[in-house]
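Report on one structure; see the data block that follows.
The values are calculated or read from the model by the stated rules, or taken from the named source; none is laboratory data. On a predicted model such as this, the values are computed, not experimentally measured, just so you know. All Cβ positions, glycine included, derive from the backbone under ideal geometry; neighbour counts span all protein chains shown. In case anyone asks, the SASA skips ligands and DNA or RNA and just uses the protein heavy atoms, side chains included. Shrake-Rupley method; radii C 1.70, N 1.55, O 1.52, S 1.80 Å.
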Amino acid sequence: MNENKDFKPFVPANKTLPEFTSTSIILGIILAIVFGGANAYLGLRVGMTVSASIPAAVISMGIIRKILRKDSILENNMVQTIGSAGESVAAGAIFTLPALFLWAGEWGTSAPSLIEIAVIAFIGGALGILFMVPLRKALIVQEHGTLPYPEGKACAEVLMAGEEGGDKASTVFAGLGIAAAYKFITDGLKLFPSEVHYEIPAYKGSGVGMDVLPALLGVGYICGPKISSYLFCGGILGWFVLMPMIVLFGPDIVLFPADVSISQLYAEGGSFAIWSNYIKYIGAGAVACGGVMSLVKSLPLIVKTFREALKGFGKGVASDERTNQDLNIKIILGGIVILALAIWIVPVIPINLFGAFLIVIFGFFFATVSSRMVGLVGSSNNPVSGMTIATLLVATIALKATGSTGQGGMIAAIAIGGVICIVAAIAGDTSQDLKTGYILGATPKKQQIGEIIGVLASSLAIGGVLYLLHIAWGYGSTELPAPQATLMKMIVEGVMGGNLPWTLVGIGAFIAIIVEILGIPVLPFAIGLYLPIHLSTPMMVGGIVKWVIEKRKNLNEKQKKDADSNGILYSSGLIAGEGLVGIFLAILAIIPVGDSNVSEIVGGFLPGIIPFLSDPNVGNLIGLAAFALLTLSLWQFCFRKSKK
């Protein structure tokens, strides 16, 4: 262990500032729900979520410092601690639980209740926190000089630069407002389509286009040019190589899972029909293989992490100092036992005693691994999806071997995977937040209570968000493809019933192996292959904007850093704004008016009085022009001057 005895926090241990206040709790809960809902919408659309810590921190500084005229860095830190929990709960929930809605539609059964979703989310989140807390002194304190925790450190730096907080917060709010207006104009008023698409008749089987939406532009900027290009390359392979090959070599073949010939399929549905029937399964194989390979590659680090973390389990110099206070170990152990029993006893969770045992074992292991790995590689590179896939494979095989088959067994497997996914996500988020608190001089015990409050608020809200989006558009639709949850569903079905087109899945797996051998990060490439190219194209545009800023020779390093910081904050606002309006439009879509609904009436107003808006060519041109203006706004805000 490498404890840094010379380290001094920003706020000394003998100094007490407002921290766990009603303001920080209320504002944190609001941001947890807001960013949880926005990330749920984003993840169900593109299969990715973004960190909410820094946006929550700057919004907190803008409100607490500029509006409420209060000044406490620890209060701002508590807001981001509570607020960031919403994004992690949303990520874990949307990667797995929509599979239950998809099965309900296929089987003619009822979808999971709001209580069931809330209980699964809260148990997973609470276990993630409780498993991580005893590791704090080993991972955060004793290895302060060894484990950087990049997101946690970055958030601390933002908070310590508090004098600029209000100005930075205005950048987030500007992005939120612009994205909200843009999203309502395109998907609410239907002034132009949010998806631009062109078939390529001369190159049969291929098509190209983009979803001209602000969240995708923002995600592309935050991910950067490399990750965006990997995603885009996956899309190019699917839409410009594999799909034309399928149409060229097998026009008269009826290839499962389609029940008509490939030529008929293409004639009736175009390139989208080829993608949905074949490329989706190839992409699923690539994502599953990539997730497992990322886990296998991490095994030496995982074993070392687990061993070293257990050595330092609960260790640390006993102290009454404010900055060294954790939740009582008796409360932690008691909470874990109660939650484990609840998994088994509570009827809304379809898991038996064996399943509860699996959750505790896998949960503790992956929480420990996640807590340390985010310290080394950051939350963005934490293989949560790989951990979930591994859990699903083992859990489904074990449940099948013990006689839990059919619908009950598959539901139990997804419930187990859902809890584990949330455990790993929250454990990583808690570690980053506690690192931020350690640098700032926060009270760990209060942060840990704040994490639990954030998880509780997010868990109560996420069920409503999932139901709302499902009723409005349905999972698996163009608006909400729910890529991760669809993949998890396919894995469980494949193990339980063997009803997958395994050849297509195998092709995807071997593509992933080739990509890995070439030294290209597998998961972003595989996700790009799995999703329609229309999602990776606008993300590539965002990545290009960041690349141009990084390569500009007339900017010094500080100017580039400032521009990038502004771009990240503005992009975070774009993501949040679109997510919130997406949820608002979902509400309009379920309010009936005669034989229609409010969303259809609002969306038909402008096309009804301006007929040429219904022309696809006109709509595509307007959409591309609007997206160009949106991209220009991102560029302008990157170079926005701070108000002194």
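If you check SER458, SER477, which single one turns out to be buried (at least 24 other Cβ atoms within 10 Å of the Cβ) and either among the small types (Gly, Ala, Ser) or not in a helix (DSSP H, G or I) (or both)?
Only one candidate qualifies: SER458.
In region 482-495, is there at least one residue being closer than 30 Å to VAL598 by Cα and either open to solvent by 30 Å² or more (accessible area, probe 1.4 Å) or assigned to a loop (DSSP other than H, G, I, E, B) (or both)?
Yes.
Considering only region 164-186, I want to know if a residue exists there that is farther than 30 Å from ILE67 by Cα, in a helix (DSSP H, G or I) and open to solvent by less than 30 Å² (accessible area, probe 1.4 Å).
yes
Report yes if PRO18 is open to solvent by 30 Å² or more (accessible area, probe 1.4 Å), modelled with pLDDT of 85 or more, assigned to a loop (DSSP other than H, G, I, E, B) and out of contact with any Asp or Glu (no Cβ under 8 Å at 6 or more places or on another chain), otherwise no.
Taking the combined requirement at face value, the residue does not satisfy it.
Conditions (1) more than 27 Å from MET540 (Cα to Cα); (2) in contact with a helix residue (DSSP H, G or I) (Cβ under 8 Å, 6 or more places away or on another chain); (3) not acidic (Asp, Glu), marked per residue:
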{"position": "SER24", "(1), (2), (3)": "yes, yes, yes"}
{"position": "GLY37", "(1), (2), (3)": "no, yes, yes"}
{"position": "LEU42", "(1), (2), (3)": "no, yes, yes"}
{"position": "VAL58", "(1), (2), (3)": "no, yes, yes"}
{"position": "GLY62", "(1), (2), (3)": "yes, yes, yes"}
{"position": "ARG69", "(1), (2), (3)": "yes, no, yes"}
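Please work out which one of (1) of a type in the set (D, E, K, R); (2) over 21 Å from PHE272 (Cα atoms); (3) buried (at least 23 other Cβ atoms within 10 Å of the Cβ) is the condition GLU143 fails and give its number.
Here GLU143 clears every test but (3).
Determine whether region 588-611 contains at least one residue that is under 31 Å from the mean Cα position of the chain (by Cα), at pLDDT 75 or above, aliphatic (A, V, I, L, M) and under 25 Å from VAL219 (Cβ atoms).
Checking region 588-611: at least one residue is under 31 Å from the mean Cα position of the chain (by Cα), at pLDDT 75 or above, aliphatic (A, V, I, L, M) and under 25 Å from VAL219 (Cβ atoms).
Just the residues that are open to solvent by 20 Å² or more (accessible area, probe 1.4 Å) and assigned to a helix (DSSP H, G or I), please, taken from region 505-523.
Across region 505-523, the qualifying residues are VAL505, GLY506, ILE507, ALA509, PHE510, ILE511, ILE513, ILE514, GLU516, ILE517, LEU523.
Filter region 392-409 down to residues that are assigned to a helix (DSSP H, G or I) and open to solvent by 10 Å² or more (accessible area, probe 1.4 Å), then give me how many there are.
Adding up the residues that qualify gives 9.
Considering region 524-567 alone, what residues qualify as being surrounded by fewer than 24 Cβ atoms within 10 Å (Cβ to Cβ), at pLDDT below 85 and hydrophobic (A, V, I, L, M, F, W, C)?
LEU555
So, of the residues in region 352-365 that are in contact (Cβ under 8 Å) with a residue 60 or more places away in the chain and open to solvent by less than 10 Å² (accessible area, probe 1.4 Å), which turns out to be farthest from THR405 (Cα to Cα)?
Among those residues, the one meeting the criterion is GLY363.
Test VAL369 against the criterion of being open to solvent by less than 30 Å² (accessible area, probe 1.4 Å), in contact with a Gly (Cβ under 7 Å, 6 or more places away or on another chain) and either closer than 16 Å to VAL133 by Cβ or modelled with pLDDT under 80 (or both), and give yes or no.
Answer is no for this residue.
Specify which of the listed residues (ALA412, ALA424) is modelled with pLDDT under 90, surrounded by fewer than 24 Cβ atoms within 10 Å (Cβ to Cβ) and in a helix (DSSP H, G or I).
ALA412 is the lone residue from the list that is modelled with pLDDT under 90, surrounded by fewer than 24 Cβ atoms within 10 Å (Cβ to Cβ) and in a helix (DSSP H, G or I).
Could you list, in sequence order, all residues of region 102-144 that are under 15 Å from ILE343 (Cα atoms) and of a type in the set (A, V, I, L, M, F, W, C)?
Answer for region 102-144, where residues must be under 15 Å from ILE343 (Cα atoms) and of a type in the set (A, V, I, L, M, F, W, C): ILE115, ILE117, ALA118, VAL119, ILE120, ALA121, PHE122, ILE123, ALA126, LEU127.
For ALA13, all conditions in the list (1) surrounded by fewer than 21 Cβ atoms within 10 Å (Cβ to Cβ); (2) out of contact with any Asp or Glu (no Cβ under 7 Å at 6 or more places or on another chain); (3) modelled with pLDDT of 75 or more; (4) not in a helix (DSSP H, G or I) hold save one; what is the number of the exception?
The failed condition is (2).
Can you work out which of the residues in region 432-455 that are among the hydroxyl-bearing types (Ser, Thr, Tyr) and under 13 Å from GLU157 (Cα atoms) is surrounded by the fewest Cβ atoms within 10 Å (Cβ to Cβ)?
Taking the candidates together, the pick is TYR438.
Report yes if ILE25 is part of a helix (DSSP H, G or I) and open to solvent by 10 Å² or more (accessible area, probe 1.4 Å), otherwise no.
Yes.
Taking ALA57 as the residue in question, decide whether it is closer than 30 Å to GLN407 by Cβ and either in contact (Cβ under 8 Å) with a residue 60 or more places away in the chain or over 20 Å from the mean Cα position of the chain (by Cα) (or both).
No: the conditions fail for ALA57.
Any residue at all in region 450-472 that is of a type outside the set (A, V, I, L, M), at negative phi and more than 22 Å from the chain's Cα centre (by Cα)?
no
Using beta carbons and a limit of 6 Å, which pairs, at least six apart or on different chains, have the first residue in region 282-302 and closer than 15 Å to ILE520 by Cβ and the second one at pLDDT 80 or above and open to solvent by 40 Å² or more (accessible area, probe 1.4 Å)?
So the pair list comes out as MET293/GLU516.
With the condition kept exactly as written, say whether any residue in region 75-92 is farther than 18 Å from THR430 by Cα, open to solvent by less than 10 Å² (accessible area, probe 1.4 Å) and either in contact with an Asp or Glu (Cβ under 8 Å, 6 or more places away or on another chain) or in contact (Cβ under 8 Å) with a residue 24 or more places away in the chain (or both).
The answer is no, given that none of the residues of region 75-92 is farther than 18 Å from THR430 by Cα, open to solvent by less than 10 Å² (accessible area, probe 1.4 Å) and either in contact with an Asp or Glu (Cβ under 8 Å, 6 or more places away or on another chain) or in contact (Cβ under 8 Å) with a residue 24 or more places away in the chain (or both).
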